[in-house]
Amino acid sequence: MVLNSLEKMIHLQKNTANIRNICVLAHVDHDNEDYLINLIDSPGHVDFSSEVSTAVRICDGCIIVVDAVEGVCPQTQAVLRQAWLENIRPVLVINKLDRLIVELKFTPQEAYSHLKNILEQINALTGTLFTSKVLEERAERETESQVNPSSEPGEQVYDWSTGLEDTDDSHLYFSPDQGNVVFTSALDGWGFGVEHFATIYSQKIGIKKEVLLKTLWGDYYINMKAKKIMKVDQAKGKKPLFVQLILENIWSLYDAVLKKDREKIDKIVTSLGLKIGAREARHSDPKVQINAICSQWLPISHAVLAMVCQKLPSPLDMTAERVERLMCTGSQVDSLPPETQALKAAFLKCGSEDTAPVIIFVSKMFAVDAKALPQNKPRPLTQEEIAQRRERAKQRHAEKLAAAQGQAPMERPQGGSALETSPQAEEPKGDEHQLETVTLKSLPQEGNNQESFIAFARVFSGVARRGKKIFVLGPKYSPVEFLQRVPLGFSAPLEDLPPVPHMACCTLENLYLLMGRELEDLEEVPPGNVLGIGGLQDLVLKSATLCSVPSCPPFIPLNFEATPIVRVAVEPKHPSEMPQLVRGMKLLNQADPCVQILIQETGEHVLVTAGEVHLQRCLDDLKERFARIQISVSEPIIPFRETITKPPKVDMVNEEIGKQQKVAVIHQTKEDQSKIPEGIQVDSDGLITITTPNKLATLSVRAMPLPEEVTQILEENSDLIRSMEQLTSSLNEGRHNQMMHQKTQEKMWEFKGRLEQHLTGRKWRNTVDQIWSFGPRKCGPNILVNKSEDFQNSVWTGPAIKASKETSRYRDFGNSIVSGFQLATLSGPMCEEPLMGVCFVLEKWDLSKFEEQGASDLVQEGQGGGEACSSKGENQGLQDGSLEPMEKKTSQRGESSLTDCYGPFSGQLIATMKEACRYALQVKPQRLMAAMYTCDIMATGDVLGRVYAVLSKREGRVLQEEMKEGTDMFIIKAVLPVAESFGFADEIRKRTSGLASPQLVFSHWEIIPSDPFWVPTTEEEYLHFGEKADSENQARKYMNAVRKRKGLYVEEKIVEHAEKQRTLSKNK
């Protein structure tokens, strides 16, 4: 591996077939052919899996590194899945083989079994990903055949394995004989693939290399007499070839060095034909000797980079499937405009002609110090400048000598004029000198604060040249919308285009070659290369697609494994530094692909991150790089959700409810204090009937818990619900140009079918057809069902009302009802947190009194009253002497009569609907839902007890525990509330002396089983919990903590037993 000059790099960039994007730029000489390898490193911690996503998008292949001792970890599964989703080819490096020899003291046979086991686990993961993909494709084909039924009914016999048997998946799996697995020890500097040993032994033994390649890994042994390779018969105790020819040699080398057997070491070195320096040979540390021998015998760089060059694809080998997946955001390629479809060929060709469209994807923005940019680096001085400086120094020296002798130099005025013309000519004296130094010192400090953003990108087609005009396409840009807005279509001149949403035009200013931390200026970058682009910070927030033609669709958004869930509020220590904090948070938001920045209704600046480690990284960046100020950070803001459940069958002491004798004591009276104010009717089955303040409209609302599966479906399809909502709102506004795509329509009906499948039974009859809205924010996991007889409205079909004047009002006020529902689901009654898994049913909506009021107003108006007085006595002016059409007059009357002393009628409906929903919730058993992490812990057997102690203390729940074969490591899978997770990793490491380390990933929302409002009511509960019932109620603890943070009323005793304060003084 040789680093070359910039000219050599630029030359190599032009040979696309020899580029491997797998980010230190390295030049590799392999088989007398030059390859350019862009190696992008990505962090291994689960909190930074967003960085893996940004790297994977611009690569063609990836190296997956697995620990030989720990085997497949949760993070290995995550990165394999990300590589699979992006359709890039992986190769495998099994590292730390030295630990099997030195730490675990495995024999070569045991090590072989262990490595075989690791490979089987990884291949099993790949197999599950492949199976799910094949079955998904088959399901898609089935839905298409249902839409276009062409086959005869007799042919359709269900066979779950169809597709799996026919599809060839042999190339997907990792196997040393395929050459996509390398065994290494990076610490000791050695690594090998099977091919290396096959070449050596084919010459020594005289067996063909092709035969050895297939048999060196697997249960084969060699019969030396017959010079034949045969299947292993374990009963005869034969060793596999991998053990006999490879592992035993490595084991014997380690054995000789660790035992310091000088003769054996010399014998091995000479037999391998190596030259070891005298210093290494005499060194007392065996690791140094091993490194010196192995790095010559089996150099790790040759093994890994040879595998990369042979097995990973070049940019020219991009598959059509990957191109389609990148180009299509939820739509088929066939449905895109023809010009857009033509770009697929440009992707696959990866051509560098002038006619080829330039397509660049920016996967992330990263910040660098402005001084690190090539244009800002200090350049070397020329010979003339050095000579001038030498003359000036001599002149200053002569003046100093003259001043020291007390003689003023004769040429003083000339020196003064020289100072004016060139400030560096002479050192100023006195105050001038101080002024000069002050300005010089202040300039670098200003420069220090400048962070410049570079776009981390890859050219997929065409040549990126400095000064080229290019379009920046946002994630929501659509070529179809461009065609609608530009009459001439894609052939329109690009200079004077009308403004198109989510599309901007810019010029490529600076192109950089990324050389580790160094940046080198480039004039042009050929296709297939990774590059840095300067000057895009005002146009690109996190990622974007750059294209020279507007027909290009934006690439699909990046897949992030980690969900941002940990929130903290941030403020500056000194309020005057608020602008720096705001600017710093904007920069942080741009620099980190996963972080989210919010400003809450309270005015707090909130940072949302993926986990504790990610949060710490973001806060450090904010303090040291982007804001450069001292900041105060709040306690983590833990998100909760509110819901309702079915009434419990048993009480807190597992007695059947309704059979025990209730005891009338303090808590009983507390329970009987009705939460519902007067004037609101509550039925026995929880139906709330409430009237607007002006008594003109009545609403009846019931709350029901949704089945868990339905809530999950609603969460998964939030994007689909949002697009449905956008379509209905555009239709309501009268804009018919936005048509729903066929694919989206199919998804919508599939979504509806899944809802109907789970909402079955008498109480859910016709519910799906009557869904009026989703909430909160019109795309959440709660639904509003309209069972009102007067007015039917559905998200699937739009409003449908009876054609009568009496019911025409319903359509006008429908939005007010939906708005009230949205407000109610956004903040629940327990602690103002959003609702989840609740169905609100609008049973009755009575506007008859409002219509009567309207009719009486009309009668008064018809009698010629110049002034009409409403029932509440508010004067309403009407235009007199009107000979206008009756309809206009009615509409004016309608508008004026909508307002009374309680405010506009639509506003009253919103407030009433919100209150109705809240009361409907309060009459049902309310519960809090906590966000849960899945927690994967690897620990040795002797610290298991301590791990369980920490988990149970933090309300964790162990799901499974299994021992890793061949090791003393246990893998524990558990769930843990996010609220209890802060400091969990540190505590577990402290308690287990670093022998256990957890990986936390957000998983799901879970109902906390305890009732936050529970008080003992039966004799058994009193006996068990006591009169005060002050044992820890987890749900109440969380609820009160959130209420305190939000400044809401919390019912708690501050003083329990008051007594006189005693001081230390004896006189008092």
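The values are calculated or read from the model by the stated rules, or taken from the named source; none is laboratory data. Just so it is clear, the structure is predicted and the values come from calculations on it, not from any experiment. As a convention, Cβ positions derive from the backbone with ideal geometry for all residues, glycine included, and neighbour counts pool all protein chains shown. All accessible areas refer to the heavy atoms of the entire protein, side chains included, with ligands and DNA or RNA removed. Shrake-Rupley method; radii C 1.70, N 1.55, O 1.52, S 1.80 Å.
Skip the ligands, DNA and RNA, and give the accessible area per residue of region 908-1037 with a 1.4 Å probe, whole Å².
44
Think of region 286-410 as a dipole: +1 on every Lys or Arg Cβ, -1 on every Asp or Glu Cβ, centred on the Cα centre; then among 315, 343, 328, 315 lies furthest on the positive end. Taking amide H positions as modeled 1.01 Å from N, with prolines and chain starts lacking one, the residues under 5 Å from residue 637 and 5 or more places away or on another chain are 567, 568, 569.
Can you send over the carbon and sulfur percentage of the accessible area for region 177-281, probe radius 1.4 Å, protein chains only? The computed percentage sits at 52.
Would you mind putting 547-554, 254-261 in packing order, based on average other-beta-carbon counts within 10 Å, highest first?
Details: 547-554: 22.0, 254-261: 15.4.
Averaged packing, sorted descending, gives the order 547-554, 254-261.
For region 20-129, the fraction of 1.4 Å probe accessible surface lying on carbon and sulfur atoms is 53 percent. Ordering 501, 537, 522 by Cα displacement along the dipole of region 501-570 toward the positive end leaves 501 in first place; charges were set at the Cβ atoms of Lys, Arg (+1) and Asp, Glu (-1). Here the spin labels are modelled as points 7 Å beyond Cα on the Cα-Cβ line, and at residue 796 and residue 403 they lie 9.3 nm apart.
What shape does region 217-326 have by the C-alpha gyration tensor, where a ≥ b ≥ c are the square roots of the eigenvalues, rounded means a/c under 1.5, and otherwise prolate means a/b greater than b/c and oblate the rest? Oblate shape, in that a/c is at least 1.5 and b/c is the bigger or equal ratio. For region 923-1049, carbon and sulfur atoms together expose 52% of the accessible surface, with a 1.4 angstrom probe and every protein chain in place.
Note down the net charge around residue 642, summing +1 for each Lys or Arg and -1 for each Asp or Glu among other residues with Cβ under 10 Å from its Cβ. Present the calculation step by step, with values, prior to reporting the outcome.
Numbers: positive: 641, 927; negative: 832, 833.
Here the count lands on 0.
Under a model in which nothing but the beta-carbon of Lys, Arg (+1) and Asp, Glu (-1) is charged, region 310-379 shows a dipole of about 540 debye around its Cα centre. The residues packed around residue 362, meaning those with a beta-carbon under 13 Å from its beta-carbon, carry a net charge of +4 if Lys and Arg are +1 and Asp and Glu are -1. List the pairs from 476/743; 8/371; 649/752; 209/311; 542/973 whose alpha-carbon separation is above 22 Å, in the order I gave them. Beyond 22 Å between Cα atoms: 8/371; 649/752; 542/973. Taking a Cβ cut-off of under 15 Å around residue 59, the surrounding Lys, Arg, Asp and Glu residues balance to a net charge of +3, with basic ones at +1 and acidic ones at -1.
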